[in-house]
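The values are calculated or read from the model by the stated rules, or taken from the named source; none is laboratory data. Everything numeric in this text was worked out from a predicted model, so none of it was measured. Cβ: placed from backbone, ideal geometry, glycine included. Neighbour counts: every protein chain shown. Accessible surface is based on the protein model in full, side chains and every heavy atom, while ligands, DNA and RNA are left aside. Shrake-Rupley method; radii C 1.70, N 1.55, O 1.52, S 1.80 Å.
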Amino acid sequence: MHSVGRNMVSRLRTASLARRYQTDEQIARAASMVPIGEISDKLGIPEDALEPYGRYKAKIPASHPSWDGKKDGKLILVTAITPTKAGEGKTTTSVGLHDALCLLGKKSITTLREPSLGPVFGMKGGAAGGGYAQVVPMDDINLHFTGDFHAIGAAHNLLSAMVDNHIHWRNEPKLDARKVSWRRVVDMNDRALREIVVALGAVGNGFPRQDGFDITVASEIMAIFCLSEDFADCQRRLGKIVVGQTLDKPPRYVTAKDINVDGAMTALLRDALKPNLVQTLENNPAIIHGGPFANIAHGCNSVIATKASLKLADYVVTEAGFGADLGAQKFLDIKCRKAGLAPDCVVMVATVRALKMHGGQSMKELQDENVSAVRDGMSNLKAHLANMDKYQLPCVVAINKFPTDTDAEVAAVEDECRKLGVDCIMSDHWAHGGKGSVELAEKVVEIAEGFDNSNFKMLYPDDMPLVEKTRTIAQQIYSADDISVSDAAAKKFRQIEKMGHGHYPICIAKTQYSFSSDATNGSNCGAPSGHTLPIREVRLAAGAEFVVAICGDIMTMPGLPRVPSANHMGVDEKGDIYGLF
């Protein structure tokens with residue numbers, strides 16, 4: 001069949017499938033949710049430990065006598081290939097796998113991140129899974145939920161206000177207004193707030209100085225929130241936040257504890273620190289808590305939620321943001337290092353559509369069968385699998401099925417994985433929920449039960465110099481030849497080590513669309529190697545206890561696209577929100 005005929009067949013098939021399937025929003029709207037008390041009963045959570053927020057969501061404590069002494073369950077990490085506009089579906093796969101484990105009679109829970117309003121109203125839209133593998137109530141989860149992000153933003157901006165108040169009243173220790181490093185946050189994509197000037201106008205408004213906003217999910221307080229073990233640990237970490245330097249010669253660093261605001265910040269976070277319990281479309285338990293970005297932060301849900309889940313269930317399905325080079329690397333080298341965790345299985349999510357894009361096929365041609373592009377795009381999947389092997393972790397590839405996938409394309413992925421000696425399972429959870437992911441669940445159980453996670457190995461030791469940790473990540477994970485470090489970044493590395501923080505792990509902030517720092521002109525395709533990773537800036541996150549290395553032109557305050565998702569949202573005559581997906 002000539003190309004015009006093939007394209008016509010593809011378009012007809014795509015149109016037919018669109019008519020056959022409901023949208024994610026329609027599916028979520030039709031969900032038959034059960035009261036949250038029935039969900040908590042499945043986990044054995046006693047009534048006195050449940051704090052309902054309406055009928056379908058609740059807070060639970062970080063620990064409770066009824067589960068504190070229990071043996072930990074198996075930790076399953078869901079990650080993915082390098083993201084593309086075609087989508088990969090980590091959350092959808094996490095939910096589908098969890099529902100399938102429940103169908104197999106396993107006591108399972110999925111533990112996920114909370115969506116940020118920035119991406120919800122920006123390019124991505126809602127983030128609660130998709131198809132018949134979703135967490136609900138979808139509207140609540142994607143918008144205000146239980147108010148956690150508002151509490152985190154309030155705690156961050158309280159510190160910002162206290163810093164400027166400290167300068168205004170010339171309190172001790174005297175802060176140098178020119179060397180304040182603590183910015184402000186808002187949970188929205190707003191490029192106009194990246195660089196601002198504050199305290200303009202009357203003398204009583206304070207000392208004018210340059211300032212700026214980051215998105216809330218990039219806040220160090222979000223990272224602290226997600227890495228804290230309990231209230232006391234949270235306050236300890238909040239007190240360590242470095243906000244600026246003094247006027248002394250030589251200057252010394254000023255912390256939140258020096259300004260005596262760590263206690264008030266912890267008070268704002270008290271209720272937010274309790275994990276949120278919701279449910280899947282199949283009425284299985286899900287915990288959603290915390291939500292740092294993986295491209296500009298460490299990209300994992302809270303330690304508190306993960307550890308509680310491990311006590312409450314035999315299998316805990318969690319995810320790490322973006323591709324395995326960002327989210328999984330940070331999950332393993334930051335979260336697991338700090339919290340003493342070790343995965344029992346890694347699920348690497350890929351789609352035929354995304355692999356075709358990595359193989360050079362354009363977005364508008366993705367509906368056309370192209371086995372050659374699939375095989376070429378496998379270079380990306382192979383690179384991520386090789387990276388996970390460096391941590392000595394067992395992997396299974398999950399092909400997140402799309403209706404437009406052809407048998408020949410799927411067979412090509414399976415064939416390439418077979419050559420690598422890696423199990424590859426087609427998972428159709430989007431269309432069939434847990435039933436579509438049973439084979440994947442069976443393989444995950446087999447791998448997790450047979451793996452000794454004491455074999456888990458991190459990429460670098462604590463005592464490696466900060467520059468060498470950064471170089472190790474660049475070379476071992478991003479396939480870079482080397483790193484280039486700006487003079488300012490090199491100076492900051494030295495200062496941090498002199499302060500006694502050289503043992504902290506590195507958190508790379510870079511584009512999520514490529515192994516390199518440059519995702520333009522198609523350089524994100526496949527698995528680029530031999531490049532140089534430029535370290536433009538270094539920031540100390542003393543409370544989170546890691547060091548951020550900022551690469552290329554990555555922004556800690558995103559902007560909105562030309563046509564934001566917000567343009568298509570609203571409330572109908574029944575009071576239902578539309579356009580979130």
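Observations, loosely collected:
- The set of residues in region 460-489 that are under 29 Å from Thr255 (Cβ atoms), in contact with a strand residue (DSSP E or B) (Cβ under 6 Å, 6 or more places away or on another chain) and assigned to a loop (DSSP other than H, G, I, E, B) contains only Ser486.
- First in region 136-149 and in contact (Cβ under 8 Å) with a residue 24 or more places away in the chain, second anywhere and among the β-branched types (Val, Ile, Thr), Cβ under 6 Å, 6 or more apart: Asp139/Ile577; Asn142/Val120; Phe149/Thr216
- Region 46-90, subset at pLDDT 95 or above and among the β-branched types (Val, Ile, Thr), residue surrounded by the fewest Cβ atoms within 10 Å (Cβ to Cβ): Ile60
- Between Cys525, Cys551, Cys507, the distinction of being touching a Leu at 6+ places or on another chain (Cβ under 7 Å), buried (at least 16 other Cβ atoms within 10 Å of the Cβ) and on the phi < 0 side of the Ramachandran plot belongs to Cys551 only.
- Of all residues in region 371-389, those being touching a residue at least 40 places away in the same chain (Cβ under 8 Å) and either crowded, with 22+ Cβ neighbours inside 10 Å or not hydroxyl-bearing (Ser, Thr, Tyr) (or both) number 11.
- Scanning region 412-438 for residues that are open to solvent by 30 Å² or more (accessible area, probe 1.4 Å), in a helix (DSSP H, G or I) and free of Cβ contacts under 8 Å to residues at least 40 places away in the same chain gives Glu414, Asp415, Arg418, Lys419, Leu420.
- The one condition in (1) open to solvent by 10 Å² or more (accessible area, probe 1.4 Å); (2) assigned to a helix (DSSP H, G or I); (3) over 30 Å from Gln279 (Cα atoms) that Gln392 fails to fulfil: (2)
- Qualifying residues in region 311-332 (those that are in contact with a Phe, Trp or Tyr (Cβ under 7 Å, 6 or more places away or on another chain) and not aliphatic (A, V, I, L, M)) - the one farthest from Pro46 (Cα to Cα): Asp325
- Among the candidates Gly340, Gly290, Gly360, the residue that is at pLDDT 95 or above and surrounded by fewer than 24 Cβ atoms within 10 Å (Cβ to Cβ) is uniquely Gly340.
- Number of residues in region 111-139 that are of a type in the set (D, E, K, R) and in a helix (DSSP H, G or I): the value is 1.
- Residue in region 164-175 that is closer than 30 Å to Tyr53 by Cβ and at pLDDT 95 or above present: no
- For region 486-502, residues that are open to solvent by less than 40 Å² (accessible area, probe 1.4 Å) and under 14 Å from Gln245 (Cβ atoms) total 1.
- Taking region 459-484 as the range and being under 27 Å from Gly526 (Cβ atoms) and open to solvent by 40 Å² or more (accessible area, probe 1.4 Å) as the test, the residues that pass are Arg471, Gln475, Gln476, Ser479, Asp481, Asp482, Ser484.
- Restricting Ile288, Ile296 to those that are β-branched (Val, Ile, Thr) and out of contact with any Ser or Thr (no Cβ under 7 Å at 6 or more places or on another chain) reduces the list to Ile288.
- Residue that is surrounded by the most Cβ atoms within 10 Å (Cβ to Cβ) [pool: residues in region 184-207 that are basic (Lys, Arg) and touching a residue at least 40 places away in the same chain (Cβ under 8 Å)]: Arg194
- Scan region 114-137 for residues that are farther than 19 Å from Pro564 by Cβ and open to solvent by 10 Å² or more (accessible area, probe 1.4 Å) and the total you get is 4.
- The numbered conditions (1) open to solvent by less than 10 Å² (accessible area, probe 1.4 Å); (2) charged (D, E, K, R); (3) in contact with a Gly (Cβ under 8 Å, 6 or more places away or on another chain) are all true for Asp314 except (1).
- Which numbered condition Ala161 misses (of (1) small (Gly, Ala, Ser); (2) open to solvent by less than 20 Å² (accessible area, probe 1.4 Å); (3) free of Cβ contacts under 8 Å to residues at least 40 places away in the same chain): (2)
- Remark: pairs (first residue in region 215-227, closer than 15 Å to His150 by Cα and open to solvent by 10 Å² or more (accessible area, probe 1.4 Å); second residue among the hydrophobic types (A, V, I, L, M, F, W, C) and not in a helix (DSSP H, G or I); Cβ separation under 8 Å; 6+ apart in sequence or on different chains) = Ala218/Val185; Ala218/Phe293; Ala218/Ile296; Ala218/Ala297; Ala218/Met557; Glu220/Ile241; Glu220/Ala541; Glu220/Ala544.
- Condition check for His150: open to solvent by 50 Å² or more (accessible area, probe 1.4 Å) and on the phi < 0 side of the Ramachandran plot: yes
- Taken residue by residue, region 88-101 has at least one member that is within 18 Å of Ala328 (Cα to Cα), among the basic types (Lys, Arg), touching a strand residue (DSSP E or B) at 6+ places or on another chain (Cβ under 7 Å) and not in a strand (DSSP E or B).
- The residues in region 23-45 that are assigned to a helix (DSSP H, G or I) and open to solvent by less than 60 Å² (accessible area, probe 1.4 Å) can be counted, and the count is 9.
- The numbered conditions (1) at pLDDT 95 or above; (2) outside any helix (DSSP H, G or I) are all true for Leu385 except (2).
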